[in-house]
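Have a look at the structure that comes next, please.
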Amino acid sequence: MINFIHIFLFTFLAIIAIAVIRMRDLFAAVMLMGIFSLLSASLFTVMDAVDVAFTEASVGAGISTILMLATLSLTTSKESTLYQRPRPLALVVVVLTGAALVYATFDMPRYGDPAAPINHHVADYYIARTMDDTGVPNMVTAILASYRGYDTFGETTVIFTACVGVMLLLGGARTFYRWRHREDAGDPEARP
Amino acid sequence: MIRHVILRVMAKMLIPLIMLFALYVQFHGDYGPGGGFQAGVIFGAAIILFALIFGLERAKQAFPPRVLEVLVAVGLMIYGGTGLAAIVKGGNFLGYGALAHDPVHGQHLGILLVELGVGITVASVMSTIFFHFAGRGRADV
């Protein structure tokens, strides 16, 4: 049963990905990307990664779709098509890279393999000690906020920096600029 | 957008519930799935829904952009401040065990404060970014 659900979700992910690439209407592409995120979230839920699924559903399907739509309302929702001659060399490079990536997956441990390195490096310590160290039943929260507190601090700083970048690019700094140059504003001729 | 009665009534009913759910995700993150990041995104989504239904101007009255811009930094400072408080109390940076007499209580307090900082920053970042995107084009989104 669980295999059937996996195959179902992965098939739809592939179909939606191809549809997004082929689509020229950007509005529909944004909507399909939202569905793509929601399907990924269901996939994470099936794989018992509820925290990741929660984040994917709220960020991927929620906020980023809305921000994409806000961007589309500022620009246009049609992709400008540009005819390019087919390039055989590019196809060869893409096929070779894809083949190398598929070949690399043969070395990966099976999904959920208890002997895989990912389940042994520090995971044993976290599973054994989280409850005694922090008293927090949700291990994911304990790892993110306490054991890996530096990383989460860095991530929060990244979000902060992204916001500052958007504010500088989209006019947050304009008020300060206007305030600095308020004498010049009344008389355009006076400016050099 | 204000003409659509069904959207308006439904949004009025849903927005408080979404905000309440965000607070639940924020403070229940220790026990179930969720945490500051998800809670912040959900709270930001509630603000964005308000702006979409009632217009950007009324959203800016309800959630002043000046306050949100300050909160972007305040959240990060709560996170960093928790780390510094741990140093002042004699521990390492972000070593929450030093925050209380019992290391386990200290960890609990530290995780709560840090997640609160993340939630405040993420919620105000999401709404600030949306206000800036929406404010560039037509005023009513």
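Can you tell me which residue in segment B:85-96 is modelled with the lowest pLDDT, limited to those that are within 17 Å of B:E115 (Cβ to Cβ) and either assigned to a helix (DSSP H, G or I) or touching a His at 6+ places or on another chain (Cβ under 6 Å) (or both)?
B:Y96
Name the residues in segment A:112-139 that are hydrophobic (A, V, I, L, M, F, W, C), outside any loop (DSSP other than H, G, I, E, B) and either surrounded by 13 or more Cβ atoms within 10 Å (Cβ to Cβ) or more than 26 Å from the chain's Cα centre (by Cα) (or both), would you?
Answer for segment A:112-139, where residues must be hydrophobic (A, V, I, L, M, F, W, C), outside any loop (DSSP other than H, G, I, E, B) and either surrounded by 13 or more Cβ atoms within 10 Å (Cβ to Cβ) or more than 26 Å from the chain's Cα centre (by Cα) (or both): A:A123, A:I127, A:A128, A:M131, A:M139.
Considering every residue within segment A:143-154, establish whether at least one is over 26 Å from the mean Cα position of the chain (by Cα), within 10 Å of another protein chain (Cβ to nearest Cβ) and either assigned to a helix (DSSP H, G or I) or free of Cβ contacts under 8 Å to residues at least 24 places away in the same chain (or both).
There is no residue in segment A:143-154 that is over 26 Å from the mean Cα position of the chain (by Cα), within 10 Å of another protein chain (Cβ to nearest Cβ) and either assigned to a helix (DSSP H, G or I) or free of Cβ contacts under 8 Å to residues at least 24 places away in the same chain (or both).
Next question, about the same structure. How many residues are in contact with a Ser or Thr (Cβ under 6 Å, 6 or more places away or on another chain) and at the interface with chain B (Cβ under 10 Å from one of its Cβ atoms) when one looks only at segment A:27-55?
Residues that pass the stated criteria total 1.
From the residues in segment A:58-91 that are of a type in the set (A, V, I, L, M) and within 9 Å of another protein chain (Cβ to nearest Cβ), which one is nearest to the chain's Cα centre (by Cα)?
Only one residue fits best here, namely A:V59.
Something else now. Please find, within segment A:77-102, the residue that is nearest to A:V166 (Cα to Cα) out of those that are of a type in the set (S, T, Y) and in contact (Cβ under 8 Å) with a residue 24 or more places away in the chain.
Going through the qualifying residues, I end up with A:S77.
Filter segment B:61-110 for residues that are away from every other protein chain (no Cβ under 11 Å) and crowded, with 16+ Cβ neighbours inside 10 Å; which is farthest from B:G40 (Cα to Cα)?
Only one residue tops the list, namely B:G91.
Looking only at segment B:85-123, which residues are without any contact (Cβ under 8 Å) to a residue 60 or more places away in the chain and touching a Phe, Trp or Tyr at 6+ places or on another chain (Cβ under 7 Å)?
Scanning segment B:85-123 gives B:A86, B:I87, B:L94, B:G106, B:Q107, B:L109, B:G110.
Could you check, for segment B:112-127, whether at least one of its residues is buried (at least 19 other Cβ atoms within 10 Å of the Cβ), more than 8 Å from chain A (Cβ to nearest Cβ) and in contact with a Pro (Cβ under 7 Å, 6 or more places away or on another chain)?
No: segment B:112-127 contains no residue that is buried (at least 19 other Cβ atoms within 10 Å of the Cβ), more than 8 Å from chain A (Cβ to nearest Cβ) and in contact with a Pro (Cβ under 7 Å, 6 or more places away or on another chain).
The values are calculated or read from the model by the stated rules, or taken from the named source; none is laboratory data. Keep in mind the model is a prediction, meaning the values are calculated, not measured. Positions of Cβ are backbone-derived with ideal geometry, glycine not excepted, and every protein chain shown enters the neighbour counts.
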